[in-house]
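These notes concern the structure reproduced below.
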Amino acid sequence: MPYSLSHSRRRCWPLTLASLIIAATAQAETWVVTDQAHPVNAPAGVRVILLDEQQRLEEQLSRALPSDPRQATAAAQRFLASPDGKRLQDDLAKAQQGVVDAWSTGVEEIPAVVVDRKYVVYGELDVPAATRLIDRARGMQR
């Protein structure tokens, strides 16, 4: 059971407006959907989905390959079998899943802050500010 504000005070936990906002949305799943051109201030624990991450990773891989197609194929196969290559494959899979997740929520613009796959704020680069707007809107709905 989450601690109430009065319970928290009895335990002498430091409370600030920011910690109250984070506590209010701590149970919520928060995502930021953006790209490299629109960096966002996201606190720890917030999932950041970069829509251009797959392209960046693929470009990073291709820059290291020789121009000869046969040599490039052999080099790519060697790299993908290595620990760094496995890590890249995992990163590519995560990037692709991020695009799918963003698409499934119906995000139409970036940057977007999505809470509980239900609420979205567009254009806000500061995640705590966006979650405050969402919390305020949720309060009006009750």
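The values are calculated or read from the model by the stated rules, or taken from the named source; none is laboratory data. Computed from a prediction, not measured in an experiment: that's the story for all the values here. As a convention, Cβ positions derive from the backbone with ideal geometry for all residues, glycine included, and neighbour counts pool all protein chains shown. Ligands, DNA and RNA are stripped out before the accessible areas are found, and what is left, the full protein with its side chains, is counted by its heavy atoms. Shrake-Rupley method; radii C 1.70, N 1.55, O 1.52, S 1.80 Å.
Selection of helices (runs of 4 or more DSSP H) fully inside region 55-142 by the criterion of at least 3 residues being under 18 Å from Val40 (Cβ atoms) returns 83-105, 127-141.
For Arg11, only one of the following conditions fails: (1) under 24 Å from Ile134 (Cβ atoms); (2) modelled with pLDDT under 95. What is its number? Against the list (1) under 24 Å from Ile134 (Cβ atoms); (2) modelled with pLDDT under 95, Arg11 comes up short only on (1). If the condition is being open to solvent by 60 Å² or more (accessible area, probe 1.4 Å), among the polar types (S, T, N, Q) and closer than 17 Å to Thr30 by Cβ, then region 98-142 contributes only Ser104.
Residue-level check: of (1) modelled with pLDDT of 90 or more; (2) over 18 Å from the mean Cα position of the chain (by Cα); (3) in a loop (DSSP other than H, G, I, E, B), Gln36 misses just (2).
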